[in-house]
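Some notes on the structure that comes next.
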Amino acid sequence: MRDLIHKQIGNIDRQLAELGQQDLLRRRRITSSPCGAVMEVDGRQMLEFCSNDYLGLAAHPQIAQALIEGVQKYGVGSGASHMISGHSEAHAALEDRLAQTQAPYIERARALYFSSGYMANLAMLSGLAAVDFAHTEIFSETLNHASIIAGSRLARCTVSIYPHADLPALEERLRESQATTRIVVTDSVFSMDGVVAPLQKMLRLCEQYGAWLMIDDAHGFGVLGSTGAGVLEQLQLSSPNLIYMGTLGKAAGVSGAFVAAHASVIEWMIQKARPYIYTTAAPPALAHALLTSLDIIQGAEGAQRRAHLQGLVARFKNAVGKEIAGMELMHSDTQIQPLIAGANSVALHYAAQLYDRGIWVPAIRPPTVPVGTARLRISLSAAHSREQLDLLVQALHGLQRQAA
């Protein structure tokens, strides 16, 4: 039996070596400072453009103080799942507050808090499909996040994949579907492209064909909309067909995620969504801290941070243009600004060159993005100053001169 295990370890080692040959091995770096524009990384001070802390709230002193207060009031852990003894008044207050953010757009809105966006998508898709597995069909976008793919598989129903932003293909699949429960699911802001899905047209199709439209707004909540309520507020979408997921560890700066939907849908998920039922609840202190985060997002400071972030986006696009160092800047009006390098080795090379200059930008490679589209994913934050952004642009122009 020991020989059999050694053979399996050998097989793993061979496959790891193959990943290395394809420039697909990933490496973790160790940080020793709070998340921010400047961080201590592997013992070096780095200017970072890789986190999803879009509003610069991850180290906000008021939120940190609220977390301390939450620990003092509720302790460290929740102790059990929400269905046993882990559902605190902090969780309940947070869910009520989150439901209010989506109430103008979702009929009889109610919210459910999860420990992560991945968990929320697993529960959201598998839970709704559980109403009738045999007669449910999920229609999923090609570039959807891995958690949506995993949730679709967990749903144990028919899954139809349609090409990126191809609405005629989506409509054809909806028209041909024999399912009684139809679920169209998409990212709002695609995390590796920065582009926004054509949600207005998608919602019209869903209303026409009696389908749910599930929107993963992980990279929109807190950033989009006049009060940071997300893409529904930004586009003024309102419909009984909508189910919304927003994350709370990105722009909100803390941890977790939530689903907002019709009250009956949320109650069904509480009763039937296994990823929710059988997971220990997140610490109540996190929910307590998130209430302060929402105060900031929805207030004057949040509006100022969003305005500053949009100014940085415009400044960056104007400075870089369409191409730099042989890399194409994708068309994105969001805080995610990808530079397409193509080959894995090229993306890794440029990321290493920037790192040597004290600037941390990640090289994103397959399977996170399609083969041949490896890229530098530049993530802008309200924590960045204009001067820090200019340092990034200067470094990119330095790569340009080196490439020439």
Kindly provide the set of residues from segment 1-31 that are closer than 21 Å to Leu380 by Cα and surrounded by 10 or more Cβ atoms within 10 Å (Cβ to Cβ), ordered by number. Arg29, Thr31
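Residues checked against (1) more than 24 Å from the chain's Cα centre (by Cα); (2) buried (at least 16 other Cβ atoms within 10 Å of the Cβ); (3) in a loop (DSSP other than H, G, I, E, B):
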| residue | (1), (2), (3) |
| --- | --- |
| Ala58 | no, yes, yes |
| Ile63 | no, yes, no |
| Lys73 | yes, no, no |
| His87 | yes, yes, yes |
| Ala90 | no, yes, no |
| Ala93 | no, no, no |
Close pairs from segment 231-253: first outside the structural domain of Gly210 (by TED's automatic domain parsing), partner among the β-branched types (Val, Ile, Thr), Cβ under 8 Å, at least 6 apart: none
So, of the residues in segment 234-258 that are among the hydrophobic types (A, V, I, L, M, F, W, C), part of a loop (DSSP other than H, G, I, E, B) and touching a Phe, Trp or Tyr at 6+ places or on another chain (Cβ under 8 Å), which turns out to be surrounded by the most Cβ atoms within 10 Å (Cβ to Cβ)? Ala251
Regarding segment 313-329, can at least one residue be identified that is out of contact with any Phe, Trp or Tyr (no Cβ under 6 Å at 6 or more places or on another chain), within 18 Å of Gly222 (Cα to Cα) and touching a residue at least 24 places away in the same chain (Cβ under 8 Å)? yes
Would you check which residues across segment 144-192 are hydroxyl-bearing (Ser, Thr, Tyr) and closer than 17 Å to Cys206 by Cα and list them? Ser160, Tyr162, Ser177, Thr180, Thr181, Thr186, Ser188
Quick one: how many residues across segment 119-138 are part of a helix (DSSP H, G or I) and surrounded by fewer than 24 Cβ atoms within 10 Å (Cβ to Cβ)? 4
Based on what the data block shows, is Val369 surrounded by fewer than 22 Cβ atoms within 10 Å (Cβ to Cβ) and out of contact with any Asp or Glu (no Cβ under 7 Å at 6 or more places or on another chain)? yes
Hits in segment 30-77 - residues which are in contact with a His (Cβ under 8 Å, 6 or more places away or on another chain) and at pLDDT below 95: none
Filter segment 193-233 down to the residues that are surrounded by fewer than 19 Cβ atoms within 10 Å (Cβ to Cβ) and either modelled with pLDDT under 95 or out of contact with any helix residue (DSSP H, G or I) (no Cβ under 7 Å at 6 or more places or on another chain) (or both) and list them by number. Arg204, Glu207, Gln208, Gly210
Filter segment 180-202 down to residues that are under 20 Å from the mean Cα position of the chain (by Cα) and of a type in the set (D, E, K, R) and give me whichever is nearest to Gly230 (Cα to Cα). Asp187
When (1) among the polar types (S, T, N, Q); (2) in a loop (DSSP other than H, G, I, E, B); (3) not assigned by TED's automatic domain parsing to the domain that holds Ser264 are applied to Ser78, the one that fails is (3)
If the Cβ limit is 8 Å and pairs must be 6+ apart or interchain, which residue in segment 186-200 that is at positive phi pairs with which residue that is surrounded by fewer than 21 Cβ atoms within 10 Å (Cβ to Cβ)? Gly194/Met330; Gly194/Ser332; Gly194/Asp333
Only one residue in Ala211, Ala260 is touching a strand residue (DSSP E or B) at 6+ places or on another chain (Cβ under 6 Å) and either outside the structural domain of Leu128 (by TED's automatic domain parsing) or closer than 27 Å to Gly70 by Cβ (or both). Which one? Ala260
Any residue at all in segment 239-247 that is at pLDDT 95 or above and under 20 Å from Ala90 (Cβ atoms)? yes
For segment 101-148, name all the residues that are out of contact with any helix residue (DSSP H, G or I) (no Cβ under 9 Å at 6 or more places or on another chain) and of a type in the set (A, V, I, L, M). Ala103, Ala134, Leu143
First in segment 363-382 and closer than 19 Å to Leu224 by Cβ and part of a strand (DSSP E or B), second anywhere and of a type in the set (Phe, Trp, Tyr) and modelled with pLDDT of 95 or more, Cβ under 7 Å, 6 or more apart: Ile378/Phe49; Ser379/Phe49
Of the numbered conditions (1) in contact (Cβ under 8 Å) with a residue 24 or more places away in the chain; (2) surrounded by fewer than 22 Cβ atoms within 10 Å (Cβ to Cβ), Arg153 satisfies every one except a single condition; which is it? (1)
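Please verify whether segment 283-301 includes one or more residues that are in a loop (DSSP other than H, G, I, E, B), in contact (Cβ under 8 Å) with a residue 40 or more places away in the chain, of a type outside the set (D, E, K, R) and closer than 24 Å to Gly117 by Cα. Full working, then the answer.
Our first condition is that a residue be in a loop (DSSP other than H, G, I, E, B); within segment 283-301, this holds for 283, 299.
If we keep only those that are in contact (Cβ under 8 Å) with a residue 40 or more places away in the chain too, we end up with 283.
Those left that are additionally of a type outside the set (D, E, K, R): 283.
Filter once more, so that each one left must be closer than 24 Å to Gly117 by Cα: 283.
Yes, segment 283-301 contains a residue that is in a loop (DSSP other than H, G, I, E, B), in contact (Cβ under 8 Å) with a residue 40 or more places away in the chain, of a type outside the set (D, E, K, R) and closer than 24 Å to Gly117 by Cα.
The values are calculated or read from the model by the stated rules, or taken from the named source; none is laboratory data. What you are looking at is a predicted structure, and each value in this text was computed from that prediction instead of being measured. Backbone-built Cβ (ideal geometry, glycine too); neighbour counts: all protein chains shown.
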